[in-house]
1. If you check every pair at least six apart or on different chains, which have Cβ atoms under 8 Å apart with a residue in region 308-325 that is open to solvent by 40 Å² or more (accessible area, probe 1.4 Å) first and a residue that is of a type in the set (Val, Ile, Thr) second?
2. Considering only residues that are over 11 Å from the mean Cα position of the chain (by Cα) and over 19 Å from SER293 (Cβ atoms), which ones fall in region 216-242?
3. Out of all the residues in region 98-108, is one or more of a type in the set (A, V, I, L, M), touching a Lys or Arg at 6+ places or on another chain (Cβ under 9 Å) and closer than 16 Å to PRO276 by Cβ?
4. Suppose we filter region 275-292 for residues that are open to solvent by 40 Å² or more (accessible area, probe 1.4 Å), assigned to a loop (DSSP other than H, G, I, E, B) and not small (Gly, Ala, Ser); how many remain?
5. Determine which single condition GLU296 fails, assuming it passes every other condition in (1) crowded, with 16+ Cβ neighbours inside 10 Å; (2) more than 21 Å from ARG130 (Cα to Cα).
6. Give me a count of the residues in region 212-239 that are β-branched (Val, Ile, Thr), more than 18 Å from ASN255 (Cα to Cα) and either open to solvent by 60 Å² or more (accessible area, probe 1.4 Å) or touching a Pro at 6+ places or on another chain (Cβ under 7 Å) (or both).
7. Kindly state which helices (runs of 4 or more DSSP H) lie completely within region 186-272 and contain at least 3 residues that are within 18 Å of GLY299 (Cβ to Cβ).
8. Given the conditions (1) within 19 Å of VAL229 (Cβ to Cβ); (2) at pLDDT 95 or above; (3) of a type in the set (A, V, I, L, M), which single one is not true for ALA170?
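The values are calculated or read from the model by the stated rules, or taken from the named source; none is laboratory data. In this text the structure is predicted, and so the values were computed from the model without any measurement. Neighbour counts are summed over all protein chains in view; Cβ atoms, including those assigned to glycine, are modelled from backbone coordinates with ideal geometry. When the accessible area is computed, the model is the full protein with side chains, heavy atoms only, and any ligands, DNA or RNA have been set aside. Shrake-Rupley method; radii C 1.70, N 1.55, O 1.52, S 1.80 Å.
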Amino acid sequence: MWGARKLSSSGSGFLGVLRSGCWGSQARCPRLTSSAVYSENQLSWTLKIKPWVFQEYRIMWSRSYRMTFACLNTMKTYRYPWTRRYSTSQTTVDSSEVKTFLALAHRWWDEQGVYAPLHSMNDLRVPFIRDNLLKTVANHQPGKPLSGMKILDVGCGGGLLAEPLGRLGASVIGIDPVDENIKTAQRHKSFDPVLDKRIEYRACSLEEIVGETTETFDGVVASEVVEHVIDLETFIQCCCQVLKPGGSLFITTINKTQLSYALGIVFAEQIAGIVPKGTHTWEKFVSPEKLESILESNGLSVQTVVGMLYNPFSGYWHWIENTSLNYAAHAVKQAHPGPAELVFEGEADVPAKASTHQGVHEERKE
């Protein structure tokens, strides 16, 4: 890229001389701090280059007798085609969001308080998680249908969702970047000896446990979380990494529409006070289409996207077809192709097992 003026013919001649003189061989290449002198009878001109470097070698100014131009050194800003196009920040946690939830950490278990909608949401999201996880197993224990399954609850808060999942028999790890939230969750689960054994809480971000829990969980839950992270694509990528092949990712969040701004922020936060002011940022809301695109690009197959509606007068949630406000999504991590499928052509029992497993699903649906 050059300055406002286009290079003149003499400037083009200069570039030609510079290329032939510098790129031909290192022996004939003069340094930019030296002078290259050509006689007038050779139809050339005298050239002197004096560089000055500004802003950490980003801009180099070169001066000659006939032209002055700016040359941008793009070595530091050039993006190679195989690098990721999105942010690679070290964490997806927004520090401003942490401050918001820190102030409310002691109110998680007040069923009539600011988290009342989340308590009520369990009537929908717990069966949604349970029923979709049970599609992957042929048999389950009555009363403990999720027994033997490992679930990661990302952004667990005070444990509102982790506890009912633990009561269904699952081994749950709840993580949250707000230390006070984890203390509240640990204090509450300690009242139930059964839950105390099944649930483990950690004060950390998702990125901090990816290395130690790669392909560990049967299910990952991010309920009312993705609208608070600062890097959604990295967040989804980490969720995929900790899932087993065939594992399920469950997300509930808010669509990015004019209606969600009017009802979710203006009405719910500023007028009715259903949600504390500043809880949500409309720019962070994500549409189902964008979320599906990110999920698919990370090897997750979207199974279900369904709308949710909260009635502030009754205090209950309902499933609806419209996803303009809240919605829930279920995606499954695609299984890695096994060595038998890639190398041994005689292994015909692999697809046979898959078809048998599919038949079990159909019987369960009937």
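1. LEU309/ILE320; PRO312/ILE274; TRP319/VAL306; ILE320/VAL306; GLU321/VAL306
2. Within region 216-242, THR216, PHE217, ASP218, GLY219, VAL221, SER223, GLU224, VAL242 meet the criteria.
3. Taking every residue of region 98-108 in turn, at least one turns out to be of a type in the set (A, V, I, L, M), touching a Lys or Arg at 6+ places or on another chain (Cβ under 9 Å) and closer than 16 Å to PRO276 by Cβ.
4. 2
5. For GLU296, the failing item is (1).
6. Here the count works out to 1.
7. 232-242
8. In the conditions (1) within 19 Å of VAL229 (Cβ to Cβ); (2) at pLDDT 95 or above; (3) of a type in the set (A, V, I, L, M), ALA170 misses (1) alone.
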